[in-house]
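As structure tokens, the structure follows; a few thoughts come after it.
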Amino acid sequence: MQYIRFSYEDRICFGQLQGEAIALLDRSYLEAGCQKTGQILQADQVRLLAPVEPTKIVCIGLNYAKHIEELGHDFHDDPVIFLKPVTSLVGPEDEIILPAMSQQVDYEAELVVVIGKTAKDLAEDQAEDYIFGFTCGNDVTARDLQKKDGQWTRSKGFDTFCPIGPWIVRDLDYRNVKIRSVLNGEVKQSSQTSHLIHSVPKLVSYISKIMTLNPGDLIMTGTPEGVGPMKTGDAIAIDIKGIGRLHNLVR
């Protein structure tokens, strides 16, 4: 089942995709008691939005071995975490805006975990019970600023630097799905989530022992090798088998 958040008649709505049709929900799918209203819309009547409004976006760096090698970083025993501001969030088909202060802005394809209920101090074997589902993400990065700063807040925190979507899928075998980035029709990254150094349950557990995770919060699980720059006019897509395609234009 694909869960979407969308704009319809100047209001924000939630629904379930049923082919080209949308079953309207009476409230957010993250809220208890959410039900179908009985109203059916067509996909061409709505504009898809980022599927959640998180209180925080927690990102994992250096979680694929070959990506660590291509950047020349060291391996870490514990997950490397950082935050993107919620103001960086955009949805499918929204534009990624290149900032004037950067000369190299890269794409980074990532599997994104959507938290379903408040999580604190979880054991790894509890983590799956707190996951609502999964979506596609692009951890857009000003690579030159990342190297210059030595830390990642500025390079990853610009407005529009966190496209996610197009929807949330709940039933996904996240342990081994294909993940790709496609720039102007050319495959740039291609890997499997089985290559993650730190697994999804480990990440959820680890982060929950540092900060409380709220419903709708996002965990971006890291990117595989093959990252590279985008320029004005480019079209970047993140494909994850079993979820779909997140597509954005660059300006």
Within region 35-64, considering residues that are of a type outside the set (D, E, K, R), touching a Phe, Trp or Tyr at 6+ places or on another chain (Cβ under 7 Å) and assigned to a strand (DSSP E or B), the one farthest from T223 (Cα to Cα): L41
Restricting the search to region 212-237, which residues are under 21 Å from I197 (Cβ atoms) and part of a loop (DSSP other than H, G, I, E, B)? T221, G222, T223, P224, E225, G226, V227
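Results for (1) hydrophobic (A, V, I, L, M, F, W, C); (2) in contact with an Asp or Glu (Cβ under 7 Å, 6 or more places away or on another chain); (3) buried (at least 16 other Cβ atoms within 10 Å of the Cβ), shown as yes or no for each residue.
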site: T55; (1), (2), (3): no, yes, no
site: H73; (1), (2), (3): no, no, no
site: V114; (1), (2), (3): yes, no, yes
site: K117; (1), (2), (3): no, no, no
site: Q126; (1), (2), (3): no, no, no
site: T141; (1), (2), (3): no, yes, yes
site: D144; (1), (2), (3): no, no, yes
site: W152; (1), (2), (3): yes, no, yes
Run down I164, I179 and say which single residue is modelled with pLDDT of 95 or more, in contact with a helix residue (DSSP H, G or I) (Cβ under 8 Å, 6 or more places away or on another chain), assigned to a strand (DSSP E or B) and crowded, with 19+ Cβ neighbours inside 10 Å. I179
Look through region 65-81, keep the residues that are at pLDDT 95 or above and either within 14 Å of the chain's Cα centre (by Cα) or outside any loop (DSSP other than H, G, I, E, B) (or both), and return whichever of them is nearest to I207 (Cα to Cα). I81
Output yes when any residue across region 144-152 is assigned to a loop (DSSP other than H, G, I, E, B) and either of a type in the set (D, E) or within 26 Å of Q18 (Cα to Cα) (or both), and no when none is. no
Single residue of D78, D74, D44 found to be out of contact with any Gly (no Cβ under 9 Å at 6 or more places or on another chain), not assigned by TED's automatic domain parsing to the domain that holds A235 and not polar (S, T, N, Q): D44
Taking the stated definitions as given, is T212 in the same structural domain as G242 (by TED's automatic domain parsing), out of contact with any Phe, Trp or Tyr (no Cβ under 9 Å at 6 or more places or on another chain), surrounded by fewer than 20 Cβ atoms within 10 Å (Cβ to Cβ) and in contact (Cβ under 8 Å) with a residue 40 or more places away in the chain? yes
Could you tell me which numbered condition G228 fails, if it satisfies all but one of (1) surrounded by fewer than 19 Cβ atoms within 10 Å (Cβ to Cβ); (2) over 21 Å from L145 (Cβ atoms)? (2)
Hey, among the residues in region 25-46 that are within 21 Å of F134 (Cα to Cα) and of a type in the set (A, V, I, L, M), which one's surrounded by the most Cβ atoms within 10 Å (Cβ to Cβ)? L30
Hey, can you tell me all the residues within region 82-121 that are within 12 Å of the chain's Cα centre (by Cα) and assigned to a loop (DSSP other than H, G, I, E, B)? G91, P92, E108
Among residues of region 182-209, those that are assigned to a loop (DSSP other than H, G, I, E, B) and either among the charged types (D, E, K, R) or not assigned by TED's automatic domain parsing to the domain that holds I243 (or both), counted: 1
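Yes or no: L89 surrounded by 15 or more Cβ atoms within 10 Å (Cβ to Cβ), closer than 30 Å to N176 by Cβ and in contact (Cβ under 8 Å) with a residue 12 or more places away in the chain?
Yes; evaluated as a whole, the condition is true for this residue.
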Test I22 against the stated conditions and say whether it is surrounded by 22 or more Cβ atoms within 10 Å (Cβ to Cβ) and outside the structural domain of T153 (by TED's automatic domain parsing). yes
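The values are calculated or read from the model by the stated rules, or taken from the named source; none is laboratory data. These numbers were taken from a predicted model, which means no experiment stands behind them. Positions of Cβ are backbone-derived with ideal geometry, glycine not excepted, and every protein chain shown enters the neighbour counts.
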